[in-house]
Amino acid sequence: MLEPHRLQLPSSIARVEYFAEIDSTNDSARRMAGELPRDTTLLVVAERQTAGRGRGSNRWWTGDGSLAFSLLFDPARYGIEIRYGCMVPLAAAIGLIDAVTERLPSPAVGLRWPNDVYIGERKLAGVLVEGLPDGRQILGLGCNVNNSVAVAPPEVAMIVASLVDELGGPLDRTEFLSSLLSAVDAALVRLSEDREALAALADELCLQRGRMLHVQVGDERVSGICTGIAADGALRLDTPTGPRILYSGIVLKE
Ligand code: BTN
């Protein structure tokens, strides 16, 4: 189990709610948002989620020993301009990669646009950022840590990675969560201070470069070879009709 009293939190986080079990940490943060002043950053962390959500209609497997948490925060407190709020998911993924590569220095850890963290062909972590009408954001992050792929449900076992399997042993999740929170905090600061450097890093970490991608953008399906991530966090594709820059969309299975 996590030991919340041992968590070392970045100074930006003012309140922590810890649950043994909850539906979804994102939903829990949303329910609490109304009672919190907008300058209070809240961390909701849970051992298990009964209805963990992914992007679109995806569900998220929160296996025993994984990490699932959400941060409710105001991007303006970090100095993040509203028009770059859409780069928060990318920043979160970069924070995650920073925390992971401290423990697993492998060039195979990288990013799949818009914000999935992969080890090779397998997904290690996902980010779900949702906006509130008042401009605050809920940044939800799930990472497979001590939940071995060996016990994953059959529908995900072939496509996920977990740190315990990569490292050959369990991590101290409280310690890992502490460094993850600091790394995400640092990436958000970086987004406000040097957005282009953050995007350049995302571009470097992009595992999709050179691959043919099919992206659903509303009613349109755009196909093309990925040429990386642009300075504003968009996906760059070379399509048969010329270069395209995508700011949103669901990347379909390759
Ligand atoms: C994705 O891969 O599509 C995003 C997965 C995000 C999962 C995390 S786990 C913590 C937070 N609470 C949720 O219900 N979802 C996010």
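The values are calculated or read from the model by the stated rules, or taken from the named source; none is laboratory data. Computed from a predicted model, the values in this text were never measured in an experiment. Because the Cβ atoms are built from the backbone with ideal geometry, glycine has one as well, and the counts that use them run over all protein chains shown. Accessible surface is based on the protein model in full, side chains and every heavy atom, while ligands, DNA and RNA are left aside. Shrake-Rupley method; radii C 1.70, N 1.55, O 1.52, S 1.80 Å.
Observations on the model:
- Here is the P(r) of the chain: all C-alpha pair distances, binned every 10 Å from 0, give 7, 32, 38, 20, 3, 0 in whole percents.
- Between Ala20 and Glu155, the simple spin-label model (points 7 angstrom out along Cα→Cβ) gives 2.8 nm.
- Think of the chain as having a plus end and a minus end, set by charges on the Cβ of Lys, Arg, Asp and Glu; of Ser24, Tyr78, Ala183, Ser24 sits farthest toward the positive end of this dipole.
- Point-to-point label distance, Ala231-Glu196, nm (Cα→Cβ direction, 7 Å offset): 0.4 nm
- Taken per residue, the accessible surface of the chain reaches 45 Å², heavy atoms only and a 1.4 Å probe.
- Nearest-0.05 FRET efficiency for Asp238 and Met32, computed from C-beta distance (R0 45 Å): 0.50
- CD proxy at 222 nm, helix term only [per DSSP H run n ≥ 4: -39500 (n - 2.57); per residue of the chain; nearest 500]: -8000 deg cm²/dmol
- Spacing of the modelled spin labels on Asn58 and Glu102, each 7 Å from Cα toward Cβ, amounts to 2.5 nm.
- Calculated on C-alpha atoms, the gyration radius of the range 1-134 divided by its Kirkwood radius gives an Rg/Rh of 0.94.
- Scattering profile of the range 145-254 at q = 0.22 Å⁻¹ [log10 I(q)/I(0), Debye over alpha-carbon scatterers]: -1.09
- Extension gain, Glu3 back to Glu175 (0.36 nm per residue minus Cα-Cα distance, nm): 61.0 nm
- Helix runs (DSSP H) in the chain reaching 18 Å along axis by Cα, Kyte-Doolittle at least 0.5: 88-103, 173-193
- The range 184-242-the range 77-131 distance, computed between alpha-carbon centres (Å): 12 Å
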